[in-house]
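Since every read-out is calculated from the coordinates, none of them should be taken as a lab result. Small disclaimer: the values here were computed from a predicted structure and weren't measured. Virtual Cβ from ideal backbone geometry, glycine too; neighbours counted across all protein chains shown.
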């Protein structure tokens with residue numbers, strides 16, 4: 001595992017098209033912004049694990065699950081494709097205030 005130290009508004013690049021930015025630190029919580037192309041799924045690990053579990057169960061069932069049974073709730077958004085699309089393929093962006101004299105990247 002690569003471990004890096006970053007300060008607020010500093011970024012880490014993963015490959016050529018994924019950018020991870022530290023947008024805030026509050027006690028024991030770090031807020032991270034992730035810029036990635038829409039075709040690259042980005043999930044919190046607990047959501048990813050739930051998607052994998054659901055996929056395994058569906059594969060074991062051997063048949064397509066009914067829409068009601070395959071509905072996954074992700075961050076308040078529900079839909080049969082929510083898990084696969086990461087909240088239906090929408091990316092949420094939030095403007096984060098920066099220290100004076102610095103511009104948002």
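For this structure, a couple of remarks:
- Least to most buried among 7, 31 (fewest other Cβ within 10 Å first): 7, 31
- Length gained when the stretch residue 18-residue 53 is fully extended (0.36 nm per residue, less Cα-Cα span): 10.0 nm
- Put in line by how crowded their Cβ is, counting other Cβ atoms within 10 Å and starting with the fewest, 51, 12 read 12, 51.
- Ascending count of other beta-carbon atoms within 10 Å, so fewest first, for 22, 8: 8, 22
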